[in-house]
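To keep things clear, I will list the structure first and then write my remarks on it.
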Amino acid sequence: MIQADHLTKSYGPVTAVQDVSFTVDKGQIVGFLGPNGAGKSTTMKILSCFMPATGGRATVAGFDVFSQSLEVRRRIGYLPENAPLYADLPVAAYLDFVAEAKGVARGLRRGKVADVMDRCAIADMQHRLIGKLSKGYRQRVGLAQALLGDPEVLILDEPTIGLDPRQIADIRALIKSLGGQHTVILSTHILPEVSMVCDSVIIIHRGRIVAQGTQSELVQQVFPAARVEVEITGPADAIGQALKSIPGVTAVEAVAASDGTARFVVEAPRGRDVRGEIPKLVTARGWGLLELHTVGLSLEEVFIRVVAGEDHAPQIVESVQETA
Amino acid sequence: MGWLPIFKKEMRLYFGSPVAYAVATFFLFITAFFFAPSFIQYAEFSLRAAMQPQMGQTLNATENILRPLTYNMAVVLLFFIPMLTMRLFAEEKRAGTMELLLTYPLRDGEVLAGKFLAALCLYALILVLTLFYPATVAWFTKIEWGAVLSGYLGLLLIGAAFLSVGLFVSSTTENQIVAGFGTFGALLALWLLGWFADSAQGALRTAVQQTAIIEHMDGFAKGVIDTKDLIYYLTVIAFALFLTLRSLESKRWRG
């Protein structure tokens, strides 16, 4: 449905996007993930026909975004970053304008506008001027205008920014419900959003794609070994030796030790689950098992590893989640 | 039919904000300043003429009140048209709404047509309001409606030419103030060309004179509709709109 081939975009001497290639199948929801300024918005601007690429080509529904722009624009709904809208128009009048601009037939227009206002929960504000709305409402009006005209492809640049947690949940549910009939490509820097909503992920960093695939593919790609972190009371050296002796364990790394307790990360090949054996081992030796959990399974850890190249992902992940 | 939604949206923005009302009030207020004194003066003249019959032969309400008014309204347009057009593209660019507008399935020409026709429509509405002046004169004395309407056709054309220049300037910047002043400057330059013609000779003189935008109002104000003048204004409109279209399209190439 969407195909990008070696897209490159430079603004003068600055290269915003470099050699970006990906494919999105019909009905898929794809998340564009990356730190601020990574090139997410630029890629979306190219796909939405707002901006030409400097190099490479992209097609949406089989039409070239540059040479067949009008055909592409008939099939997309676009929500730009920060949802730019006409502040001096009331919500309903604005959406009516968008419906007309997108060629929704006269007789259907009122119904379609009412429908998107319903889905985005903005019907109660329909007579207000857009400029007087709060950020969250404006964002939802922006989403509503993207949905008008039932586009096959939705391009949403940070759709949940500025919303409160309940609204975020509503909008995510809405986007998730769009999958199947619509092809959705959304950008975000909120990691949990991607795992909740998207079928697959494209991680983009400094204008290049650094990883792409479904969440589990990414995890396996980035962390080929399954890792389990344990905290055990007892003599650190002896514990380390004992953990290594578990069949299948390939590496044991001491992470931290303090009086009487020690932390280890135990690595084993994927498919060889050592979590059942560690507690048995520990109790047999008379030590105490304080904590046991898997690491390297979440998108957060993948993202941190891929983007920041950090080794001790978990600590950083927590701060990322807080800001999210 | 892609121009229609844009047209309706622009009209809503004109009338939904104070713009249309402020601009109409301003225009009527200024033109009234030109109309009232000449009207009163004419009334005094005709009173004196009633006593001196030979003087009455030179009195002609159309000639003495309405023709100068047509000229003066054309001058006021220099200030007034930039206020109508400065917002049209500049504001869309500044607010970022252009990004959405350009991703709707509308041709650039349709977007331009919608905006141009909306501005022209508002301008024509305001012109209709000024028909109050000839109507007032017609209440008291006989006027030549043919000449008056020819003057109005001239005003409509010169206004449309100004609007197209304004649209072009607005399409080149994202600052409304720059768009407003830029348009004013461009119009003033077109206007003042007539002055420079006086210091030129021969063919150059004719060329400069024919390019000056006000020269072509003459005929219309007198009640003479000349094809040459019609073609001049239509050419200016077409050329300025063509430049605007190119300026919009360049966005799609350059990004």
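The values are calculated or read from the model by the stated rules, or taken from the named source; none is laboratory data. Predicted, not measured: the structure shown is a model, and the values here were computed from it. Cβ: placed from backbone, ideal geometry, glycine included. Neighbour counts: every protein chain shown.
Yes or no: A:VAL228 closer than 20 Å to A:ARG272 by Cα, outside the structural domain of A:ALA38 (by TED's automatic domain parsing) and in a strand (DSSP E or B)? So A:VAL228 passes the test. Taking region B:58-175 and the helices (runs of 4 or more DSSP H) fully enclosed by it, the elements with 1 or more residues that are closer than 16 Å to B:PHE35 by Cα and either more than 14 Å from chain A (Cβ to nearest Cβ) or touching a Pro at 6+ places or on another chain (Cβ under 8 Å) (or both) are at B:67-95, B:108-130, B:132-140, B:145-171. Screening region B:217-255 for residues that are among the aromatic types (Phe, Trp, Tyr) and more than 20 Å from B:LYS115 (Cβ to Cβ) and picking the one that is nearest to the other protein chains (Cβ to nearest Cβ) gives B:TRP253. Is it true that some residue in region B:12-22 is closer than 30 Å to B:PRO105 by Cβ, assigned to a helix (DSSP H, G or I), of a type in the set (Lys, Arg) and free of Cβ contacts under 8 Å to residues at least 40 places away in the same chain? Yes, that holds for at least one residue. Being touching a residue at least 60 places away in the same chain (Cβ under 8 Å), assigned to a helix (DSSP H, G or I) and surrounded by 24 or more Cβ atoms within 10 Å (Cβ to Cβ) is a condition met by no residue of region A:9-25.
When each of A:LYS132, A:LYS112 is tested for being surrounded by fewer than 23 Cβ atoms within 10 Å (Cβ to Cβ) and closer than 19 Å to B:TYR104 by Cβ, the lone residue that passes is A:LYS112.
Taking A:ASP5 as meeting all but one of (1) surrounded by 18 or more Cβ atoms within 10 Å (Cβ to Cβ); (2) part of a strand (DSSP E or B), write down the number of the exception. In the conditions (1) surrounded by 18 or more Cβ atoms within 10 Å (Cβ to Cβ); (2) part of a strand (DSSP E or B), A:ASP5 misses (1) alone.
The residue of region B:197-240 that is surrounded by the most Cβ atoms within 10 Å (Cβ to Cβ), among those that are part of a helix (DSSP H, G or I) and in contact with a Lys or Arg (Cβ under 9 Å, 6 or more places away or on another chain), is B:ALA221. The condition of being of a type in the set (Lys, Arg) and in contact with a Phe, Trp or Tyr (Cβ under 6 Å, 6 or more places away or on another chain) holds for only one of A:LYS40, A:LYS45, that being A:LYS40. Going by the conditions given, is A:ALA92 under 22 Å from A:LEU163 (Cα atoms), in a helix (DSSP H, G or I) and assigned by TED's automatic domain parsing to the domain that holds A:ASP157? In short, yes. Looking only at residues of region B:1-11 that are over 19 Å from the mean Cα position of the chain (by Cα) and in a helix (DSSP H, G or I), we find that the one that is farthest from the other protein chains (Cβ to nearest Cβ) is B:TRP3. State all residues of region B:176-232 that are of a type in the set (S, T, N, Q), modelled with pLDDT of 85 or more, farther than 19 Å from B:LEU243 by Cβ and touching a helix residue (DSSP H, G or I) at 6+ places or on another chain (Cβ under 6 Å); if no residue qualifies, say none. B:GLN176, the sole residue that qualifies.
Yes/no per residue for (1) free of Cβ contacts under 8 Å to residues at least 24 places away in the same chain; (2) buried (at least 19 other Cβ atoms within 10 Å of the Cβ):
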{"position": "A:ARG208", "(1), (2)": "no, no"}
{"position": "A:GLU217", "(1), (2)": "yes, no"}
{"position": "A:THR233", "(1), (2)": "no, no"}
{"position": "A:GLU253", "(1), (2)": "yes, no"}
{"position": "A:ALA257", "(1), (2)": "yes, no"}
{"position": "A:THR261", "(1), (2)": "no, no"}
{"position": "A:VAL266", "(1), (2)": "no, yes"}
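Take the residues in region A:39-50 that are among the aliphatic types (A, V, I, L, M) and buried (at least 24 other Cβ atoms within 10 Å of the Cβ), then tell me which one is farthest from A:SER10 (Cα to Cα). The extreme case among them is A:LEU47.
This table checks each residue for (1) within 30 Å of B:VAL178 (Cβ to Cβ); (2) among the hydroxyl-bearing types (Ser, Thr, Tyr).
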position: B:ALA50; (1), (2): no, no
position: B:THR58; (1), (2): no, yes
position: B:PRO68; (1), (2): no, no
position: B:ASN72; (1), (2): yes, no
position: B:ARG87; (1), (2): yes, no
position: B:GLU91; (1), (2): yes, no
position: B:ARG107; (1), (2): yes, no
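Report whether or not A:SER177 is among the hydroxyl-bearing types (Ser, Thr, Tyr), in the same structural domain as A:VAL141 (by TED's automatic domain parsing) and either crowded, with 19+ Cβ neighbours inside 10 Å or touching a residue at least 40 places away in the same chain (Cβ under 8 Å) (or both). So A:SER177 does not fit the description; no.
Looking at (1) surrounded by 20 or more Cβ atoms within 10 Å (Cβ to Cβ); (2) more than 7 Å from chain B (Cβ to nearest Cβ); (3) among the hydroxyl-bearing types (Ser, Thr, Tyr), find the lone condition where A:THR54 falls short. It fails just one condition, (1). Would it be correct to say that A:VAL228 is over 20 Å from A:ALA38 (Cα atoms), touching a strand residue (DSSP E or B) at 6+ places or on another chain (Cβ under 9 Å) and either of a type outside the set (Val, Ile, Thr) or crowded, with 20+ Cβ neighbours inside 10 Å (or both)? Answer is yes for this residue. Test B:THR183 against the stated conditions and say whether it is among the polar types (S, T, N, Q) and over 30 Å from A:LYS45 (Cβ atoms). So B:THR183 does not fit the description; no.
For region A:57-70, the tally of residues that are surrounded by fewer than 17 Cβ atoms within 10 Å (Cβ to Cβ) and either within 11 Å of chain B (Cβ to nearest Cβ) or of a type in the set (Ser, Thr, Tyr) (or both) stands at 2. Within region A:189-198, the set of residues being buried (at least 17 other Cβ atoms within 10 Å of the Cβ) and out of contact with any Phe, Trp or Tyr (no Cβ under 7 Å at 6 or more places or on another chain) comprises A:HIS189, A:ILE190, A:GLU193, A:VAL194, A:VAL197, A:CYS198.
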